[in-house]
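The values are calculated or read from the model by the stated rules, or taken from the named source; none is laboratory data. What you see is a predicted model; the values in this text were computed from it and never measured. Positions of Cβ are generated from backbone atoms using ideal geometry, with glycine treated the same way; all protein chains shown enter the neighbour counts. For accessibility, only protein heavy atoms count, side chains too; no ligands or nucleic acids. Shrake-Rupley method; radii C 1.70, N 1.55, O 1.52, S 1.80 Å.
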Amino acid sequence: MNSRISGFYKMTQEERMKIVKEFADLNNEDIDAIKGRALDFETANRMIENVLGTHEIPFGIATNFLINGKDYLIPMAIEEPSVVAAASNAARIARIKGGFHTSSTDPVMVGQIQICDLETPYYAKMQILEKKREILEIANDQDPVLIKFGGGAKNIEVRVFEKEKMVVVHLFVDVRDAMGANAVNTMAEAVAPFLEKITGGNVVLRIISNLAAYRLARARAVFDAGELGGERVVNRILKAYTLAKIDPFRATTHNKGVMNGITAVVSATCNDTRAVEAGCHAYASREGSYTVLTHYEKNEDGDLAGSIEIPMAVGIIGGATKHPIARASLKILGVKTANELGEILASVGLAQNLAALRALSDEGIQRGHMKLHAKNIAAMAGAEGETIDIVAEKMVERGTIRIDVAKEILAELKK
Ligand code: MEV
């Protein structure tokens, strides 16, 4: 199936649904979930506490993604205009030079066990490392299913905090297709008493680290200079990137653009958006000061070579991924492993960032935003159906998008 679909934005909901249904072999339950009938009160009330209702945001599809030679449609749940269109557009440009190419590390998460009140922390480190085999055994006894699928606790490391008379044990756990928090936290809690026994110290924290620096997803793509708007735009994108690399004020916004895409897909698949965001931003600071998650270089053809490497703690099993909309999203993506999902996320992040940089380096982002914003304002002013488009267009023509102006135009039209 081909994800290169032109004019998807012009289609009706039914036309779009037909395409996605055929692409992903969706059933009625999936379609119902996507249409916003996913979560009844009972299910929601079991997911979190004190439930009053559910909260809806738009669920859209980014088209045109070619990743490792395979076509993908990308489900995105997000309230912000332009994000889905921008991702689709960047993916369209990336296709010209072969699309995205990706890789990832094994899905290894870190569990931290903090041992305090140690008179001799360096000595304790040695005591712990001598018992590595037993520690891993206790950890792995907690999750026979994970072991069966080739995952489990694989290694440990001990970090000494001498002044604080403390050590922190890192338990490296291959969590396979889960996000991993449950498995890792269970293991961290299980090994704690044994660590206290070995060292004579007191364990305080036993919890996963969201700095998933050993679970990385990577993507690269070449963006055709002509399609980007020519050499001038390429050079301006590189200048924008240079500022982001050296200035945390700009890097934060640059990375926010990356996360616009990533978080929308993380959200559509009901993964933990906060875990992914925390991991990515911390990773951006790993060398001491906050910097970019993506890189851009001009290649010998004058095209823009983009790349990204990010921690990616997402799962396709466990957690809220059994939510009907998550199931439908995973079906649309057609992913077989959490690593594949992570690599798609890296590709989407790169596409999103490139699209933002391209707009910013050329005409700015407001023109594109303005059209959708105008439609929102027109609807708020009371316009309905086709009138929304007419009122929005007139406001854009006038260059003023305000509710009073929308009301004025609406009144004129009614006359
Ligand atoms: C807006 O949500 C995201 C951007 O600000 C990202 C960027 O500046 O690169 C457009």
* To do: Kindly indicate which of 212, 183 is open to solvent by 10 Å² or more (accessible area, probe 1.4 Å) and either of a type outside the set (Asp, Glu) or under 26 Å from residue 340 (Cα atoms) (or both).
  => 183
* Asked: Given the conditions (1) over 26 Å from residue 69 (Cβ atoms); (2) within 16 Å of the ligand (Cβ to nearest atom), which single one is not true for residue 353?
  -> (1)
* To do: Considering only segment 206-252, state which residues are under 30 Å from residue 176 (Cβ atoms) and in contact with a Lys or Arg (Cβ under 9 Å, 6 or more places away or on another chain).
  => 210, 211, 213, 221
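For every residue, the table says whether it meets (1) within 16 Å of the ligand (Cβ to nearest atom); (2) touching a residue at least 24 places away in the same chain (Cβ under 8 Å); (3) crowded, with 21+ Cβ neighbours inside 10 Å.
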residue: 28; (1), (2), (3): no, no, no
residue: 40; (1), (2), (3): no, no, no
residue: 47; (1), (2), (3): no, yes, no
residue: 58; (1), (2), (3): yes, no, no
residue: 61; (1), (2), (3): no, yes, yes
residue: 64; (1), (2), (3): no, yes, yes
residue: 84; (1), (2), (3): yes, yes, yes
residue: 107; (1), (2), (3): no, yes, yes
* Asked: How many residues are open to solvent by 60 Å² or more (accessible area, probe 1.4 Å) and at pLDDT below 90 when one looks only at segment 353-369?
  -> 5
* Asked: under 30 Å from residue 33 (Cβ atoms) and assigned by TED's automatic domain parsing to the domain that holds residue 125, is that true of residue 274?
  -> no
* To do: Name, by its number, the condition in (1) under 24 Å from the mean Cα position of the chain (by Cα); (2) closer than 27 Å to residue 344 by Cβ that does not hold for residue 243.
  => (2)
* Does residue 232 count as in a helix (DSSP H, G or I), open to solvent by 50 Å² or more (accessible area, probe 1.4 Å), over 21 Å from residue 317 (Cα atoms) and away from the ligand (no atom under 16 Å from the Cβ)? -> yes
* Given 77, 91, which one is surrounded by 14 or more Cβ atoms within 10 Å (Cβ to Cβ), closer than 30 Å to residue 305 by Cα, assigned by TED's automatic domain parsing to the domain that holds residue 276 and within 16 Å of the ligand (Cβ to nearest atom)? -> 77
* How many residues does segment 376-415 contain that are surrounded by fewer than 15 Cβ atoms within 10 Å (Cβ to Cβ) and farther than 24 Å from residue 58 by Cβ? -> 10
* Structure fact -> In segment 120-171, anything open to solvent by 80 Å² or more (accessible area, probe 1.4 Å), more than 20 Å from residue 108 (Cβ to Cβ) and among the aliphatic types (A, V, I, L, M) is listed as 126
* Asked: Within segment 306-345, which residues are out of contact with any helix residue (DSSP H, G or I) (no Cβ under 9 Å at 6 or more places or on another chain) and open to solvent by 10 Å² or more (accessible area, probe 1.4 Å)?
  -> 322, 336, 337, 339, 343
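Only residues that are farther than 30 Å from residue 222 by Cα, touching a strand residue (DSSP E or B) at 6+ places or on another chain (Cβ under 9 Å) and part of a helix (DSSP H, G or I): list them for segment 94-128, please.
121, 122, 124, 125, 126, 128 - these are the residues of segment 94-128 that are farther than 30 Å from residue 222 by Cα, touching a strand residue (DSSP E or B) at 6+ places or on another chain (Cβ under 9 Å) and part of a helix (DSSP H, G or I).
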* If the Cβ limit is 7 Å and pairs must be 6+ apart or interchain, which residue in segment 247-268 that is assigned to a helix (DSSP H, G or I) pairs with which residue that is near the ligand (Cβ under 10 Å from one of its atoms) and among the basic types (Lys, Arg)? -> none
* **Entirely in segment 143-229, the strands (runs of 3 or more DSSP E) that have 2 or more residues that are over 26 Å from the mean Cα position of the chain (by Cα) and touching a residue at least 12 places away in the same chain (Cβ under 8 Å)** => 152-161, 166-174, 202-209
* Taking interchain pairs and intrachain pairs at least six residues apart, which have beta carbon atoms under 6 angstrom, with the first residue in segment 333-352 and modelled with pLDDT of 95 or more and the second open to solvent by 10 Å² or more (accessible area, probe 1.4 Å) and among the hydroxyl-bearing types (Ser, Thr, Tyr)? -> 339/104; 342/104; 343/102; 343/104
* To do: Examine segment 333-348 for a residue that is in contact with a Pro (Cβ under 9 Å, 6 or more places away or on another chain), within 16 Å of the ligand (Cβ to nearest atom) and closer than 22 Å to residue 80 by Cα, and state whether such a residue exists.
  => no
* Working only within segment 258-290, note down all residues that are under 30 Å from residue 47 (Cα atoms), open to solvent by 10 Å² or more (accessible area, probe 1.4 Å) and within 16 Å of the ligand (Cβ to nearest atom). => 260, 263, 267, 273, 277, 281
* Just to be sure, is residue 222 surrounded by fewer than 22 Cβ atoms within 10 Å (Cβ to Cβ) and not assigned by TED's automatic domain parsing to the domain that holds residue 56? -> no
